Amino acid sequence: MPKTARFLCKFLSVVIALALVLCALAFAAFTFFNAAPEGNIELLRPGIEEMVARGERGIRLGEDGALIFEVRSGETAHSVGMRLQSAGIIRNRYFWNILFRLDNDFLRTGTYRIELPASQFEIRSILTSGEQLFVRVTIPEGFTVRRTARLLEEVGICSFDDFLAAAYSREILDTFNIPGNSMEGYLFPDTYLFPLAYPAHRVVTAMAENFFRRLEEIDAELSGAISAMSPEEINRRVILASIVEREHRMPEEAPIMAGVFYNRLRIGMLLQSCATVEYVITEILGRPHPNVILFRDLEIRNPFNTYMYRGLPPGPISAPGRTALKAAFKPTDTEYLFFRLIDARTGRHHFSRTFEEHNRAGALFVRGS
């Protein structure tokens, strides 16, 4: 074999050997930096708690030890890598940055659940998937906007202040053609699935869209009667439905109560709903919910107090469910002007045409209790 050929063979052998060594080193480095840091979850807890104490709200450990991590709107891969390394979740943020230069995948805003320990590839796959962590929350019938805001903040969906700001947003109100100054009464009470740290305006919009879907269902049952109404007339019905929601417990009584209130409105009689007084006390004055309504409470001068002011209050006082809504749009045609609770256990009421009959029913209730 000529010297030149032998030299080339030796040179190629050395190059191949070096290439194999470099590949082995690169593979070892990749494996090392990609792997999760050594140690159990409890070793990570102090670092994460320290970050939370410094004001970091987008990272925490769940009750089952999984990492709950938020990718903020507009956040870069570099920023996420720094936060993950600071928390001890990944070994090296530079390796993290290299991973995001390998293809066109990008981080998706949202809150995610990550089982630990997890490699950088696994974490990257989760944060680019868009498969966010959802929270199931049930908004009870009769809840107010403020009570809904507190509940949503407690479960981590959005902040109390952000929700209230969205509920009073003129832009959202105009989108749904609502003549009032808030979404009170138009956020349908239901069970929802929302991502953690979800924008409040999207929460309000989703609940309002649900409300109008339910209203369309009722409209179909009433042969399109609601579609023919103006936004102002619909608002009047929603206000009444919100009162019925807080007054009734037995579904079959809701349309009768609505009929009573419409009769009172027609003849200019005070509605005298205790539910409106409770609304003034808790939602406007900010006091605890009263165990009983006192005579001095009935004299509170506020337009929502239907013991002091004739007609409907200025706006809804709660989120009416389907039963109360349908009752307000299809009340019972009745001559009743009064109703009184006669069974506290079942919530059953006695309905009367005259004040004398109303008082007799009260006397019978007192003797029977």
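Only the coordinates and a few stated rules stand behind these numbers; no lab work does. Not measured: the values here are computed from a predicted model. Here the Cβ positions follow ideal geometry from the backbone for every residue, glycine too, while neighbour counts run over all protein chains shown.
Observations on the structure shown:
- About the centre of its Cα atoms, the chain shows a dipole size close to 720 debye [charges on the beta carbon of Lys, Arg (+1) and Asp, Glu (-1) only; nearest 20 debye].
- Summed residue charge, Cβ within 14 Å of Pro314's Cβ, Lys/Arg positive, Asp/Glu negative: 0
- Relative to the longest principal axis of the Cα atoms of the chain, helix 41-53 runs at roughly 60 degrees.
- Radius 11 Å from Cβ of Glu115, net charge of other residues (Lys, Arg +1; Asp, Glu -1): -1
- Farthest toward positive dipole pole in the chain [+1 Lys/Arg, -1 Asp/Glu at C-beta], among Leu133, Leu193, Trp96: Trp96
- Charge-dipole axis of the chain as Lys and Arg at +1 and Asp and Glu at -1 on Cβ define it, positive-most pick from Gly47, Ala66, Met308: Gly47
- Formal net charge of residues neighbouring Asn210 (Cβ-Cβ distance under 14 Å; K, R +1; D, E -1): -1
- Alpha-carbon centroids, segment 82-136 and segment 314-331: separation in whole Å: 46
- Electrostatic dipole magnitude of segment 90-155 [Cβ: Lys, Arg +1; Asp, Glu -1; Cα centre; debye, to 20]: 220
- Karplus (6.51, -1.76, 1.60) ³J(HN,Hα), θ = phi - 60°, over segment 221-231, in Hz, Gly and Pro reported as x: 6, 9, 6, x, 5, 6, 4, 7, 8, 6, x
- Helical content alone sets the calculated 222 nm signal of the chain at -15000 deg cm²/dmol, taking -39,500 (n - 2.57) per DSSP H segment of four or more residues and averaging over every residue.
- Using Cβ point charges alone (K and R +1, D and E -1), the dipole size of segment 134-221 about the Cα centre works out to roughly 280 debye.
- The chymotrypsin sites (Phe, Trp or Tyr not before Pro) of segment 73-142 that DSSP puts in a loop, and whose beta carbon has at most 15 other beta carbons within 10 Å, are Phe106.
- Amide H partners (placed H, <5 Å) of Phe339, local residues excluded: Ser352
- Folded to 0 to 90 degrees: helix 77-86 orientation relative to the chain principal axis, Cα: 90
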